[in-house]
Amino acid sequence: MKKVLLIIALCVGMANINFADEGMWIPLLLEKYNIQDMQKKGFKLSAEDIYSINQDCLMDAVVIFGRGCTGEIVSDKGLLLTNHHCGYGAIQKHSTIEHDYLTNGFWAMNMKEELPNPDLSVKFLKRIEDVSAKVLKDIKPEMTEANKSKIIVKNIAALKKQAQKGNNYKVVIKPFFYGNQYYMFLYEEYTDVRLVGAPPSAIGKFGGDTDNWMWPRHTGDFSIFRVYADKNNKPAKYSKDNVPYKPKKFLPISIKGIKKGDFTWVMGYPGSTQEYLISDAIKLIANVRNPHRIKLRDERLAVMNSYASKNDTIRIKYASKNARVSNSWKRWKGEISGLERLQTIKKKQELEQKFQAWAKQNNKTEYSDIIPQLSKIYSEVEDLAIAYDYWRESIRAIEVISFASKFDNIIRMANEKKSDKEIKAEIEYLQAQAKKFYKDYVRNIDEDIFSKLVPMYFENVKSEYQAHVPDLNLKKGISTYAHKLFNKTIFTNEEKCTNLLNNFTVADIETLKQDPVYVFYTYFKDAYTTKVKAQYDALNAQTNKLYRSYLKGLQEMNPDKIYYPDANFTMRVSYGNIEGFSPRDGVEYTYYTTIDGVIEKDNPEIYDYDVPDRLKELHTAKDFGRYQENGTVNTCFIATNHTTGGNSGSPVLDAEGNLIGLNFDRAWHGIQSDMMFDPERSRNVTLDIRYLLFIIDKLAGAGHLVEEMTIIE
Ligand code: ARG
Ligand code: GLU
């Protein structure tokens, strides 16, 4: 009897450990690892309905959107939904003071009005394959890392070549569990993707950076695009002869509504997590790296905001940059407090002790030294990591420096005496880059940021890793130095720089090489490449190898626990249920918000909370149509799905596989879930699909788009 009880207790305990809604699972392995658990929790479909190579499946409707987001197809004419902040770049590029789509929104009333976006593509996943055995073929444990990686590179190249035969697919092979496993992904990339609709920022970015990462939330974070194909439904560059893409599968949409506890799941492209770091790595992030990075971005944001708040043109120019800078800045802050609250360091230390003891008891000598070795590396890496972060977050954060760095290539090409044709192509690339750069560049902002960040570099980077700038004397004050530099360089001068590019001859290489900003940049680049990078990379490669063993060992130690691999921007499925949470003692958050909360937050004085009149009218008239519930419209909801950056725009689905919302954020109180998931507080934030439809239908009067979709009432 006792034994039976013990077994039951063990199983219950195990179930909790394994399936605490934590995990980003590989679609190919759902059948093996997750489907029973999912169905027990309410899922009504099979694993084959999600991922299959034998039948059309939900995966066929989910795409990589642009470079770092997810999107989903919702009509048989290639209509696509993603977040407003994912479409932001595209919306901004089409915006001017006269046609300010950021402020006013944009709606194509017919297909002819849809706007092309040369830099945008979407990728459909065709197939996943476990290629571990093939990639690791001929690898022997006693080989050096360098030899191993040579063989792996060769094996991967051969596999790719084979997989590409007879198709136009993009093939990607990625390591999982630090290289214990490898998976191959075949994508079909469509490059004609047009902007169809976007709400005004006052809706799509409602709450702005104040509400970003927060709950309760009222952001209508969506934008609409359409994928176009050639006459054979194949990928094609933009052409007015292209036709709407006919998808294998599109997602039906349910407006039946949600309730607490409902099963819900997310399919998309989480970018990167570090769930298996050891305690010393967490210490480095929480106590050293995040604080430095936060401090640097504090300064940048302060400068940008001081200009943007006084001038609308500048506000538009810097809107996208500002959002990018503030986003990680706020996440880093949340990570610090979340890691502390969860006592992550202590918990990780306990696991490490357990691991050490297990290795010793079982005579697993290959694992006995891993933790001490990793620990040693973390003590060595700290100063290098700081140097690395300051290179990226101070020097390269100066816009004109990052622009000047783009000329590295042309200088190298001239040195190597590349052909005229290659040089010409590179110049064309630079012309395009310059156009982008100057469109949104404000020299005074950049100059002020330069004056703030450069001294911080010298205060914080250990002297042996610093750059030496001969003509810079910080005691004399940085502002005069900055001003001279910014006056002398051609890179702050649109006319001069564009002229140089338009009439480029090889003689201009000297001008570029001697440009004061370019020279300034090379001091730092050289310091970084000669003093920091090699050592830093070498230590990282060592940790990679040690983590590979550590994870192998952990899985041996806990044979019944199912481990999920860290996110690596490959398709994953997360599942959980709709659930509120308590952010602190005595406070309980509900799982949904409504349009009443939008009106509550309304404040015409504050840019982020200036509710459009049309929305207020609809609210007063209660003109909610079929999107209402209890006399209001639900705006957002939260659930226990484990997600991260890259999941933006991901479909949030119900038990039957209907679309009920768009993932767009996580709640701040559980944001350390990239390193440690907290079942009690880690929540993904979703835009309720009914608010999205209400905006399209009632606010924009673009009901024809809703008609294209399949709505389940
Ligand atoms: N926090 C969300 C994400 O990580 C939204 C970011 C964009 N919005 C913003 N206000 N910065 O991408
Ligand atoms: N907004 C994030 C993105 O762009 C998703 C939020 C998160 O990090 O979970 O992917």
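The values are calculated or read from the model by the stated rules, or taken from the named source; none is laboratory data. From a predicted model like this one, the values you see are computed outputs, not experimental measurements. As a convention, Cβ positions derive from the backbone with ideal geometry for all residues, glycine included, and neighbour counts pool all protein chains shown. Protein only, heavy atoms only, side chains kept; ligands, DNA and RNA dropped before computing areas. Shrake-Rupley method; radii C 1.70, N 1.55, O 1.52, S 1.80 Å.
Side notes on the structure shown:
- Rg to Rh quotient for the range 34-112, alpha carbon positions, Kirkwood Rh: 1.14
- Computed over the range 468-507, the Cα gyration tensor eigenvalues convert (square root of 5λ each) into semi-axes of 29, 12, 5 Å, ordered from largest to smallest.
- Calculated SAXS-style log₁₀ I(q)/I(0) at q = 0.10, 0.12, 0.15 Å⁻¹ - the range 129-250, Debye, Cα scatterers: -0.61, -0.76, -0.86
- If you take the alpha carbon atoms of the range 488-548 and fit the smallest convex hull around them, that volume is 129 Å³ per residue.
- Across the range 503-585, the convex hull enclosing all Cα atoms gives 341 Å³ per residue.
- Its convex hull of Cα atoms gives the range 622-713 a direction-averaged projected area, equal to a quarter of the hull surface, of 7.1 nm².
- The chain - share of DSSP beta bridges that are antiparallel (%, nearest 5): 95
- Principal axis dimensions, largest first and in whole angstrom, of the range 404-527 by Cα: 47, 31, 20
- Using every pair of separate Cα atoms, the Kirkwood estimate puts the hydrodynamic radius of the range 258-403 at 18.7 angstrom.
- The calculated FRET efficiency for the pair Ala541 and Glu600, based on their C-beta separation and a Förster distance of 51 Å, comes to about 0.45.
- 3J(HN,Hα) couplings calculated from phi for the range 695-707 with the Karplus curve 6.51 cos²θ - 1.76 cosθ + 1.60 (θ = phi - 60°) are, in sequence order, 5, 5, 6, 8, 7, 8, x, 10, x, 4, 6, 5, 4 Hz; Gly and Pro show x.
- Per-residue SASA entry for Asp100, accessible area with 1.4 Å probe, Å² rounded to 10: 20
- Each residue of the range 325-336 is assigned a 3J(HN,Hα), and the resulting list reads 5, 6, 4, 5, 3, 6, 4, 4, 4, x, 4, 4 Hz, derived from the Karplus form 6.51 cos²θ - 1.76 cosθ + 1.60 (θ = phi - 60°), x at Gly and Pro.
- Tail weight of P(r) past 46 Å, computed on alpha-carbon pairs of the chain, percent: 22
- Computed over protein heavy atoms with a 1.4 Å probe, the carbon and sulfur contribution to the accessible area of the range 152-247 reaches 55%.
- Cα-based equivalent ellipsoid of the range 81-200: semi-axis lengths in Å, sorted from largest, via gyration tensor: 43, 16, 11
- Here the sum of -39500 (n - 2.57) over DSSP H runs of 4 or more residues, divided by the residues of the chain, equals -13500 deg cm²/dmol at 222 nm, to the nearest 500.
- Among 580-586, 146-152, 192-198, the order from most to least packed when residues are scored by Cβ within 10 Å on average: 192-198, 146-152, 580-586
- Two-decimal Rg to Rh for the range 281-344 - Kirkwood Rh, Cα set: 1.12
- Entry comment: accessible area of the range 421-499 is 56 Å² per residue, from protein heavy atoms only and a probe of 1.4 Å.
- The ellipsoid equivalent to the alpha-carbon distribution of the range 242-283 has semi-axes of 36, 22, 7 angstrom, derived from the gyration tensor eigenvalues as √(5λ) and listed largest first.
- With the biggest extent put first, the Cα atoms of the range 219-310 measure 55, 44, 29 Å across the principal axes.
- For the range 320-432, the calculated P(r) over all alpha carbon pairs, in 5 Å bins from 0 to the bin holding the longest distance, is 2, 8, 9, 11, 12, 11, 10, 9, 8, 8, 7, 4, 1, 0 percent.
- 9 Å beta-carbon shell around Asp241, net charge (K/R +1, D/E -1): +1
- Given in Å, the Rg to one decimal and the Dmax to the nearest whole number for the Cα atoms of the range 538-631 are 24.0, 64.
- Alpha carbon convex hull of the range 575-690, projected area averaged over orientations, nm²: 8.8
- Spread of Cα-to-Cα distances over 5 Å intervals beginning at zero, given as percent, for the range 661-713: 5, 18, 19, 15, 11, 9, 11, 10, 3
- Inter-centroid distance (Cα atoms) of the range 328-396 relative to the range 442-505, Å: 35
- Shape analysis of the range 405-448 yields a ratio of the Cα radius of gyration to the Kirkwood radius, Rg/Rh, of 1.13.
- Relative contact order of the range 193-232, defined on C-alpha pairs under 8 angstrom at six or more residues apart (%): 56
- Span from the the range 512-537 Cα centroid across to the the range 113-170 one, whole angstrom: 32
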